[in-house]
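The values are calculated or read from the model by the stated rules, or taken from the named source; none is laboratory data. The structure displayed is predicted, hence computed values, not measured ones. Here the Cβ positions follow ideal geometry from the backbone for every residue, glycine too, while neighbour counts run over all protein chains shown.
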Amino acid sequence: MKNKRKSILILVFLLILIAAAKVYLDNNFLEVSQYTVRSNKIPTSFKGFKILQLSDLHSKDFGNDNNKLIKKVNRENPDIVVMTGDMVNANDKDFEVFIDLAEQLSKRYDTYYIVGNHEQNINDDKRKLLLDKIKEIGIRVLDNEKVTITRGTGSINLYGLWFNLRYYKDVNSEYAKDIFFGAEQIQSILGNLDTESYNILLTHNPLYAETYSNWGADLILSGHIHGGMIRIPFVGGLLSPERTFFPKYDAGEYQVNGKTLIVNRGLGNGNFGIRLFNRPEISVITLSD
């Protein structure tokens, strides 16, 4: 009886140890996901053009001065880096972790950035300080605007979109219950696009993927959902930041009205706590004709 009890205790201890190791791995070991996006609208000169997406850092460090994250990025050697929001936390006392990372990346890569809901929740003065600083170090902040990227004789358009927090559809908020971000809203913010050109949209929240694709975005890069934080094998992400169970667009690649949506699982945890079966992610998107 005594030996049996001892064996059970050892088994329980081993299970706890394995679970703790799994949680540590899923929260601290970076994963690189590779995507190839094809379209006959992509100019020949952009064949092989590599976009590296970072999202939802939430001021997390991967090694000293984020050296592990930097090494992963450098190994991919992208043509551009895009950051799709929530790179800081709304309650941060300073933004040193993110600013240090941004400074290192901007020295080597053309880098583009949009705000997420956490940046929007920062008070106006602190947000201005943050945005002014990252602009100063050479990062292009896309404030509901477009840039055209040229390579050889071809070009593509890169749009950055953010919208009012009421559109984030928190199920606990009566105020947001009947709010919808549709064709009228996106048109008023970004206007018309050139449908003959290849158009990439950076926007933090993938919730309105149908709106983005109907507007004309050929490739949509988002984050925000954190992969559902706990990913259930063969099912998907459990919970969105708006406390919606099994969100429709939780992670990975989707085809929406013939357009491509890629949802990054993010790097940090924000207010969620821990990740499980859901390692921090870097997305690498390679364009092809």
Inset, instruction - Taking only segment 103-128 into account, find how many residues are of a type outside the set (Lys, Arg), more than 17 Å from LEU165 (Cβ to Cβ) and modelled with pLDDT of 95 or more. - result: 9
Inset, instruction - Determine, yes or no, whether TYR175 is closer than 27 Å to SER288 by Cβ, of a type outside the set (Asp, Glu) and either assigned to a helix (DSSP H, G or I) or at pLDDT 95 or above (or both). - result: no
Legend entry - Residue check, LEU30 surrounded by 15 or more Cβ atoms within 10 Å (Cβ to Cβ) and either polar (S, T, N, Q) or out of contact with any helix residue (DSSP H, G or I) (no Cβ under 6 Å at 6 or more places or on another chain) (or both): no
Legend entry - Failed criterion for ASN67 (all others in (1) out of contact with any Leu (no Cβ under 9 Å at 6 or more places or on another chain); (2) more than 22 Å from PRO280 (Cβ to Cβ) hold): (2)
Inset, instruction - Hey, can you tell me all the residues within segment 240-259 that are of a type outside the set (D, E, K, R) and either free of Cβ contacts under 8 Å to residues at least 12 places away in the same chain or in contact with an Asp or Glu (Cβ under 7 Å, 6 or more places away or on another chain) (or both)? - result: PHE245, GLN255, VAL256, ASN257
Legend entry - Residues that are assigned to a loop (DSSP other than H, G, I, E, B), exposed (fewer than 15 other Cβ atoms within 10 Å of the Cβ) and hydrophobic (A, V, I, L, M, F, W, C), drawn from segment 239-289: PHE246, ILE274
Legend entry - Total residues in segment 70-95, condition at pLDDT 95 or above, surrounded by fewer than 23 Cβ atoms within 10 Å (Cβ to Cβ) and charged (D, E, K, R): 5
Inset, instruction - Pick out, from segment 1-116, the strands (runs of 3 or more DSSP E) lying fully within it that include 1 or more residues that are of a type in the set (Asp, Glu). - result: 31-38, 110-114
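Would you say ARG166 is part of a loop (DSSP other than H, G, I, E, B), out of contact with any Asp or Glu (no Cβ under 6 Å at 6 or more places or on another chain) and basic (Lys, Arg)? Show your work before the answer.
Values: part of a loop (DSSP other than H, G, I, E, B): no; out of contact with any Asp or Glu (no Cβ under 6 Å at 6 or more places or on another chain): yes; basic (Lys, Arg): yes.
The answer is no for ARG166.
Tell me, please, whether a residue that is within 28 Å of LEU165 (Cβ to Cβ), aliphatic (A, V, I, L, M) and over 16 Å from the mean Cα position of the chain (by Cα) can be found in segment 43-56. Give the derivation first.
Just the residues of segment 43-56 that are within 28 Å of LEU165 (Cβ to Cβ), to begin with: 51-56.
Subsequent filtering for residues that are aliphatic (A, V, I, L, M) retains 51-52, 54.
Checking which are over 16 Å from the mean Cα position of the chain (by Cα) leaves us with none.
No: zero hits.
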Inset, instruction - Run down ILE230, ILE189, ILE262 and say which single residue is under 16 Å from the mean Cα position of the chain (by Cα) and either under 26 Å from VAL73 (Cα atoms) or in contact (Cβ under 8 Å) with a residue 40 or more places away in the chain (or both). - result: ILE262
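A quick yes/no check of all residues on (1) touching a His at 6+ places or on another chain (Cβ under 7 Å); (2) charged (D, E, K, R); (3) modelled with pLDDT of 95 or more:
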{"position": "HIS204", "(1), (2), (3)": "yes, no, yes"}
{"position": "GLU210", "(1), (2), (3)": "no, yes, yes"}
{"position": "LEU219", "(1), (2), (3)": "no, no, yes"}
{"position": "GLY223", "(1), (2), (3)": "yes, no, yes"}
{"position": "ARG243", "(1), (2), (3)": "no, yes, no"}
{"position": "TYR254", "(1), (2), (3)": "no, no, yes"}
{"position": "ASN257", "(1), (2), (3)": "no, no, yes"}
{"position": "GLY266", "(1), (2), (3)": "yes, no, yes"}
{"position": "ASN271", "(1), (2), (3)": "no, no, no"}
